[in-house]
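Okay, structure first, notes after.
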Amino acid sequence: MLTLECPYCGVKAEETELQPGGEAHLKRYGPGSTDEEFDGYMFSRKNPKGVHFERWRHAYGCGKWFLAARCTATLEVFGTYPAQTSEPPAELQAKIKAKRPNWEGYK
Ligand SMILES: [Zn+2]
């Protein structure tokens, strides 16, 4: 079972206490964007086998949204961090790179 530590309240929450929110760090496009940009934002999602950044909500806890980095193949969790970030923290990226030398880095 997937277990993620909520970065706000510090609880190690099991998957049943959490609500998934899809891919993290989506760049939003609105009025004035091209059809291709909006289409990409609305419908295109990464689906990697390996390191992935996701949104989760501590639904049966503090209720806050946070972000998690985990491996989709092994369910290894690299870390969690607050949702108010535009990209994964540098120290988390370094930790992932140390564990997965072939990881291409956050794009
Ligand atoms: Zn929480």
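Data table
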quantity	calculated
Residues that are closer than 19 Å to residue 61 by Cβ and assigned to a strand (DSSP E or B), drawn from the range 8-32	12, 13, 14, 19, 20, 21
Residue match in the range 90-98 (condition: assigned to a loop (DSSP other than H, G, I, E, B) and either under 11 Å from the mean Cα position of the chain (by Cα) or of a type outside the set (D, E, K, R) (or both))	no
Cβ pairs under 9 Å, 6+ apart, first in the range 59-73 and more than 25 Å from residue 48 (Cα to Cα), second of a type in the set (Phe, Trp, Tyr) and at pLDDT 95 or above	61/8; 62/8; 64/8
Considering residues of the range 18-58 that are touching a strand residue (DSSP E or B) at 6+ places or on another chain (Cβ under 9 Å) and more than 27 Å from residue 105 (Cβ to Cβ) only, the residue nearest to the ligand (Cβ to nearest atom)	58
Unmet requirement for residue 33, which otherwise passes all of (1) without any contact (Cβ under 8 Å) to a residue 24 or more places away in the chain; (2) in contact with a Ser or Thr (Cβ under 8 Å, 6 or more places away or on another chain); (3) among the hydroxyl-bearing types (Ser, Thr, Tyr)	(2)
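The values are calculated or read from the model by the stated rules, or taken from the named source; none is laboratory data. Everything numeric in this text was worked out from a predicted model, so none of it was measured. All Cβ positions, glycine included, derive from the backbone under ideal geometry; neighbour counts span all protein chains shown.
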